[in-house]
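Input: a single structure, listed below in structure tokens.
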Amino acid sequence: MDEIVMSGREILRSAMKERGETQSKVAAALGEQQNGLSAKITRERMSLDTFRSVLNVVGYDVAVIDRENGEVRWVVDPGK
């Protein structure tokens, strides 16, 4: 399995771009203002809840993958 190592911010931006979603659309789906979501995404230490919530809105899950064998061990509850 090829590894693609990116920061959380890069992952969110890539995921939104792949799905054709803007921060404004994602923020609206989360009941937030675009500037508030942007601030959360650009923080040096983004919360897991923000990361999970944005990925959930654009149609992705957060998973824990075993580095030894590449198996998905757990999937983080996507929440609302």
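When G8, G79, G70, G20 are checked against the criterion of being under 13 Å from the mean Cα position of the chain (by Cα) and loosely packed, with under 11 Cβ neighbours inside 10 Å, G79 stands alone in meeting it.
Whenever a residue of the range 42-59 is within 18 Å of T22 (Cα to Cα) and among the small types (G, A, S), its partners that are part of a loop (DSSP other than H, G, I, E, B) and at pLDDT below 90, lying with C-beta atoms within less than 8 angstrom and at least six residues away or across chains, give the pairs S53/G79; S53/K80. May I ask you to list the residues in the range 32-54 that are surrounded by fewer than 12 Cβ atoms within 10 Å (Cβ to Cβ), within 19 Å of V76 (Cα to Cα) and not basic (K, R)? Scanning the range 32-54 gives S47, L48, D49.
Hey, does the range 24-31 have a residue that's surrounded by 15 or more Cβ atoms within 10 Å (Cβ to Cβ), free of Cβ contacts under 8 Å to residues at least 40 places away in the same chain, assigned to a loop (DSSP other than H, G, I, E, B) and of a type in the set (A, V, I, L, M, F, W, C)? No, the range 24-31 has no match at all. Among the residues of the range 42-80 satisfying the criterion of being polar (S, T, N, Q) and in a loop (DSSP other than H, G, I, E, B), which is nearest to V26 (Cα to Cα)? The extreme case among them is S47. Which of (1) touching a Ser or Thr at 6+ places or on another chain (Cβ under 7 Å); (2) in contact (Cβ under 8 Å) with a residue 60 or more places away in the chain does G70 not meet, given it meets every other one? Unmet for G70, out of (1) touching a Ser or Thr at 6+ places or on another chain (Cβ under 7 Å); (2) in contact (Cβ under 8 Å) with a residue 60 or more places away in the chain: (1).
Can you find a residue that is in contact with a Gly (Cβ under 8 Å, 6 or more places away or on another chain), hydrophobic (A, V, I, L, M, F, W, C) and farther than 16 Å from M6 by Cα anywhere in the range 46-55? Looking for residues that are in contact with a Gly (Cβ under 8 Å, 6 or more places away or on another chain), hydrophobic (A, V, I, L, M, F, W, C) and farther than 16 Å from M6 by Cα, one finds none in the range 46-55, hence no.
The values are calculated or read from the model by the stated rules, or taken from the named source; none is laboratory data. Every value quoted in this text rests on a predicted model; they were computed, and no experiment measured them. Ideal geometry is used to build each Cβ from the backbone, glycine not excepted, and the neighbour counts take in all protein chains shown.
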